[in-house]
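Read the structure below first, then the notes.
The values are calculated or read from the model by the stated rules, or taken from the named source; none is laboratory data. Since the model is a prediction, treat every value here as computed from it, not as a measurement. We place every Cβ from the backbone using ideal geometry, glycine too, and count neighbours over all the protein chains shown.
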Number of protein chains: 2
Amino acid sequence: MEGHDKAYLKAALAEAKKGLQTGGIPIGSVLVHQGDIIGRGHNKRVQQQSVTLHGEMDALENAGRQPATVYRHSVLYTTLSPCPMCTGAILLYGIPKVVIGENTNFMGAEEHLRANGVEVVVVNDAECIRMMQDFIKSEPHLWHEDIGEEN
Amino acid sequence: MEGHDKAYLKAALAEAKKGLQTGGIPIGSVLVHQGDIIGRGHNKRVQQQSVTLHGEMDALENAGRQPATVYRHSVLYTTLSPCPMCTGAILLYGIPKVVIGENTNFMGAEEHLRANGVEVVVVNDAECIRMMQDFIKSEPHLWHEDIGEEN
């Protein structure tokens, strides 16, 4: 991971912490276009009762309506491996690179990203891992609510 | 297509028309759980400047927080073939069946759905086809804004 990647991942982590502080699931993301953060977001399942605003989706949403060319020259930084929905959004908008804080607590659709030509960098950052691990341990029901075993 | 499928597709079409009437992109969806429509939605790109609320996503959002078991016994009806993002959402939530109004104006990630075990029914309904065709002809820039050729 390069130095600038580290700084952007830190911004994604700051979003995740904001999510935790507001009672939510600590997953955060930033969308970076040619060096500028154009969208920041975190999971809003608890705060807005949203089933679509994962961290990555919230960052895209907050970046607003962008022309295709912006997405195609952007990098998405996210604290946790992207789920199939967020993976689909990355593919829809043609974002060519994703930097992932960790994939030990949850393995998303990284292979599907790679199979579609997206550059995937997995950092397995200690702070991202610990934050998610602590959350899942303290809120197992919330973590498994939507896509866990049938409940 | 069975008779009840037709009625639910009509509800999705009604959502698409609502989208058109409010100045938006005419794509609509409904989520049906054991015979009940639990979420209705339409594309909100224009109305809410949203890049994540496609018709399918809006229907999921409006259905609210559901446990895994509800999604796994639901059917999604949508007027247009689902893009990669909406396809990912269907896979994330384990929705087992999707009924698609048409795929002649836009071919989504249907193969990816099928490859992951989702039952996909394509109706190619004349009214869905004409509505989308008319829209793309009258608003080509809006249609191609986000994922068209670089602009």
Expected single match for more than 8 Å from chain A (Cβ to nearest Cβ), surrounded by fewer than 24 Cβ atoms within 10 Å (Cβ to Cβ), farther than 29 Å from A:ALA63 by Cα and more than 13 Å from the chain's Cα centre (by Cα) among B:ALA11, B:ALA7 is B:ALA7
Somewhere in segment A:77-90, is a residue surrounded by fewer than 22 Cβ atoms within 10 Å (Cβ to Cβ), out of contact with any Gly (no Cβ under 6 Å at 6 or more places or on another chain) and in contact (Cβ under 8 Å) with a residue 40 or more places away in the chain?
-> no
Search segment B:83-105 for residues being touching a His at 6+ places or on another chain (Cβ under 7 Å) and among the hydrophobic types (A, V, I, L, M, F, W, C), and hand back the single one that is farthest from the other protein chains (Cβ to nearest Cβ).
-> B:CYS86
May I ask you to verify whether A:SER74 is over 25 Å from B:ILE25 (Cα atoms), among the polar types (S, T, N, Q) and in contact with a Phe, Trp or Tyr (Cβ under 6 Å, 6 or more places away or on another chain)?
-> no
Output for Cβ contacts, cut-off 8 Å, separation at least six or different chains, first residue within 19 Å of B:SER74 (Cα to Cα) in segment B:96-123, second among the aromatic types (Phe, Trp, Tyr) and not in a loop (DSSP other than H, G, I, E, B), reads B:VAL98/B:TYR77; B:VAL99/B:TYR8; B:VAL99/B:TYR77; B:GLY101/B:TYR77
Can you tell which of B:LEU76, B:LEU80 is under 18 Å from A:CYS83 (Cβ atoms), in contact with an Asp or Glu (Cβ under 9 Å, 6 or more places away or on another chain) and more than 7 Å from every other protein chain (Cβ to nearest Cβ)?
-> B:LEU76
By residue number, the members of segment B:5-46 that are in contact with a Ser or Thr (Cβ under 8 Å, 6 or more places away or on another chain) and charged (D, E, K, R) are B:GLU15, B:ARG40, B:LYS44
So which residues in segment A:1-46 are touching a Pro at 6+ places or on another chain (Cβ under 9 Å) and small (Gly, Ala, Ser), if there are any at all?
-> A:ALA16, A:GLY19, A:SER29
Hey, B:ASP36 hits all of (1) free of Cβ contacts under 8 Å to residues at least 24 places away in the same chain; (2) in contact with a strand residue (DSSP E or B) (Cβ under 8 Å, 6 or more places away or on another chain); (3) away from chain A (no Cβ under 12 Å) but one; which does it fall short on?
-> (2)
State whether the residues of segment A:128-147 include one that is among the acidic types (Asp, Glu), within 13 Å of chain B (Cβ to nearest Cβ) and surrounded by fewer than 22 Cβ atoms within 10 Å (Cβ to Cβ).
-> yes
With the condition kept exactly as written, say whether any residue in segment B:50-66 is in contact (Cβ under 8 Å) with a residue 60 or more places away in the chain, of a type outside the set (Gly, Ala, Ser) and within 14 Å of chain A (Cβ to nearest Cβ).
-> yes
Report those helices (runs of 4 or more DSSP H) wholly inside segment A:59-151 carrying at least 3 residues which are under 18 Å from the mean Cα position of the chain (by Cα) and under 23 Å from A:GLY19 (Cβ atoms).
-> A:84-92, A:126-138, A:140-144
Take the residues of segment B:124-138 that are without any contact (Cβ under 8 Å) to a residue 12 or more places away in the chain and not hydrophobic (A, V, I, L, M, F, W, C): which is farthest from B:VAL46 (Cα to Cα)?
-> B:ARG130
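Here is a yes/no grid of residues against (1) of a type in the set (S, T, N, Q); (2) crowded, with 24+ Cβ neighbours inside 10 Å:
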{"site": "A:THR22", "(1), (2)": "yes, no"}
{"site": "A:ASP36", "(1), (2)": "no, no"}
{"site": "A:GLN47", "(1), (2)": "yes, no"}
{"site": "A:THR52", "(1), (2)": "yes, yes"}
{"site": "A:GLY55", "(1), (2)": "no, yes"}
{"site": "A:ASP58", "(1), (2)": "no, yes"}
Residue count, segment A:102-119 (criterion: surrounded by 18 or more Cβ atoms within 10 Å (Cβ to Cβ) and of a type in the set (A, V, I, L, M)) | 3
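Per-residue answers, yes or no, for (1) out of contact with any helix residue (DSSP H, G or I) (no Cβ under 6 Å at 6 or more places or on another chain); (2) closer than 20 Å to B:TYR93 by Cβ; (3) modelled with pLDDT of 95 or more; (4) among the polar types (S, T, N, Q):
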{"position": "A:ALA89", "(1), (2), (3), (4)": "no, yes, yes, no"}
{"position": "A:TYR93", "(1), (2), (3), (4)": "no, no, yes, no"}
{"position": "A:VAL121", "(1), (2), (3), (4)": "yes, no, yes, no"}
{"position": "A:ASN124", "(1), (2), (3), (4)": "yes, no, yes, yes"}
{"position": "A:GLN133", "(1), (2), (3), (4)": "yes, no, yes, yes"}
{"position": "A:LYS137", "(1), (2), (3), (4)": "yes, no, yes, no"}
